[in-house]
Amino acid sequence: MAQTQQAAPGTGLRGITGYQWLVLFVAWAGWSLDITDFTLYGLVLRQALTELLGGTATMAQIGSVGGLLTTIGLLGWAVGGFFFGIIADYLGRVRTLALSILIYSVFTALQGFAQEVWQLGLFRFIAGLGTGAELMIAIPLVAEAFAETHRAKILGFMMTGGGFGQIFAASIYDWVGPYGWRYVFFCGIVPALLLAFLRRGMVEPERFAAVKARRQALAAQHDHSDEDREFLRAVPLQLFSKGIRFQTLVGVLFALGTLLAVWTAGAWLPTIQGLLLEKEGIKGVAAIPYISWGMRLWGLGGIAGYIAFGYIADIIGRRPTIVIYSVGTLIVGLYLFLGVTAYGPYPFLLLIFGFFVIGIFSGHAIYMSELFPTHVRSTAVAFCNGSGRIVTSFGPLVAGLLVVQLGGLANATGIMTGFAVLSIIAVALGRETRGEQLPR
């Protein structure tokens, strides 16, 4: 097994094994389809709520109800990520990943059958359990499979799935949107097809297999050292042990900064573009190509940002790279939402904004996975992201509720973007991990 899972150091991309390519593909595809399903919701939210609220909903009603539903979905992300993250540290990465994909595929599609707002919210929450879990499992799976070779670059490439997810969703909206919002949601069942790949050739990474074997061996013994007892403690409790709790704090702050900026924007960008287009007389079905094009460019910017992050982080370090991306998010995002009042500049600015606000999530995969040892890695990544998501889940709700008070949805979204400064604070406190081996 050792010869098949890890490429020999210094062999280049040609030395990557078939097992590693399979892990990368499954993790990339799962993450891209995860974001596809999440983005589909934002693209049809206004149409869905207009119908479910009786056909005459005001923008204030859509803002408040839509913000509440988005918050419910993000809470599902937080709960699902944390719960399944723990399961993955005990049961294994592969089986837990398959379950997460099945959940978010089925319940995204079920949103298309909703007849009441509460039904849409319920299906949204359960779908969120799966979407929240997928990346929390994929990150440690890929990090451990590529522990010795090209780790940062490969994790950055894996994260491009998020950008492709934006493009896939925009394309689906472009093709299926004219038939109605329900058909857009029905397309969410497609990720379930990925499960076929999970049943072929996917085994646990050697590092996790070693942890599982150590747990089993220690369970059969009666006498344990202090180190062994700490190793056997419940994994969530270990995140607050003396040796790990500071990394946990850094991870939570980093997650807060990135998630507050991106999820509020992701939830409301289609609606903001639609409102700008209405000012120019472009409404309804006629606006779909414009909105889908803007979201494609946002995703393309994210793809470039994801890939660039891994290379930049290997050259100048993880912490300086996170600072650069956070400053870019602040400058471009605040100008986009607070300074632009016409649709014209939006597509170009969305391309640049996507590079920073989406691309920084490569730091979640690279930096967070390098802060924690194998036996707590999935739980730690899930806890940091989950804690961030619990707080940030209220971002779209707050933005939606403050539409009138803050003079519009764009202003409210811009204010939430400003929280990207928390990521800068996080890495100012954290340690640099460039050049270090992945903790065992």
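The values are calculated or read from the model by the stated rules, or taken from the named source; none is laboratory data. Given the structure is predicted, the values throughout are model-derived calculations rather than measurements. Positions of Cβ are backbone-derived with ideal geometry, glycine not excepted, and every protein chain shown enters the neighbour counts.
Per the conditions (1) modelled with pLDDT of 90 or more; (2) farther than 19 Å from Leu371 by Cα; (3) part of a helix (DSSP H, G or I); (4) among the hydrophobic types (A, V, I, L, M, F, W, C), the sole criterion not satisfied by Ile282 is (3). Here is a check on your reading of the model: is Phe186 surrounded by 15 or more Cβ atoms within 10 Å (Cβ to Cβ), more than 22 Å from Gly305 (Cβ to Cβ) and more than 24 Å from the chain's Cα centre (by Cα)? For Phe186, the condition - surrounded by 15 or more Cβ atoms within 10 Å (Cβ to Cβ), more than 22 Å from Gly305 (Cβ to Cβ) and more than 24 Å from the chain's Cα centre (by Cα) - is not met. Please determine whether any residue of segment 248-261 is touching a residue at least 12 places away in the same chain (Cβ under 8 Å), farther than 23 Å from Met416 by Cβ and touching a helix residue (DSSP H, G or I) at 6+ places or on another chain (Cβ under 6 Å). No, segment 248-261 contains no residue that is touching a residue at least 12 places away in the same chain (Cβ under 8 Å), farther than 23 Å from Met416 by Cβ and touching a helix residue (DSSP H, G or I) at 6+ places or on another chain (Cβ under 6 Å). Scanning segment 103-121 for residues that are assigned to a helix (DSSP H, G or I) and either over 17 Å from the mean Cα position of the chain (by Cα) or more than 21 Å from Gly81 (Cα to Cα) (or both) returns Val106, Phe107, Ala109, Leu110, Gln111, Gly112, Phe113, Val117, Trp118, Gln119, Leu120, Gly121.
Scanning segment 288-330 for residues that are over 18 Å from Thr433 (Cα atoms) and of a type in the set (A, V, I, L, M) turns up Ile288, Ile291, Met295, Leu297, Leu300, Ile303, Ala304, Ile307, Val327, Leu330.
Each row is one residue, and each column tells you yes or no for (1) of a type in the set (Phe, Trp, Tyr); (2) closer than 30 Å to Gly63 by Cβ; (3) touching a Ser or Thr at 6+ places or on another chain (Cβ under 6 Å).
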site	(1), (2), (3)
Glu204	no, no, no
Ala209	no, no, no
Val235	no, no, yes
Lys242	no, no, no
Gly251	no, no, no
Ala287	no, yes, no
Trp293	yes, yes, no
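Would a scan of segment 247-256 turn up a residue that is under 29 Å from Ile424 (Cβ atoms), of a type in the set (Ser, Thr, Tyr) and assigned to a helix (DSSP H, G or I)? Checked against the condition, which is being under 29 Å from Ile424 (Cβ atoms), of a type in the set (Ser, Thr, Tyr) and assigned to a helix (DSSP H, G or I), segment 247-256 yields at least one hit.
Is one or more of the residues making up segment 191-201 modelled with pLDDT of 75 or more, part of a helix (DSSP H, G or I) and either closer than 30 Å to Thr433 by Cα or among the β-branched types (Val, Ile, Thr) (or both)? There is no residue in segment 191-201 that is modelled with pLDDT of 75 or more, part of a helix (DSSP H, G or I) and either closer than 30 Å to Thr433 by Cα or among the β-branched types (Val, Ile, Thr) (or both).
What about Phe185, is it in a helix (DSSP H, G or I), touching a Leu at 6+ places or on another chain (Cβ under 7 Å) and at pLDDT 90 or above? Yes: the conditions hold for Phe185.
Residue pairs whose Cβ atoms lie under 6 Å apart, sitting 6 or more positions apart in sequence or on different chains, and linking a residue in segment 167-188 that is farther than 19 Å from Ala267 by Cβ and basic (Lys, Arg) to a partner that is surrounded by fewer than 22 Cβ atoms within 10 Å (Cβ to Cβ) and modelled with pLDDT of 90 or more, are Arg182/Gly112.
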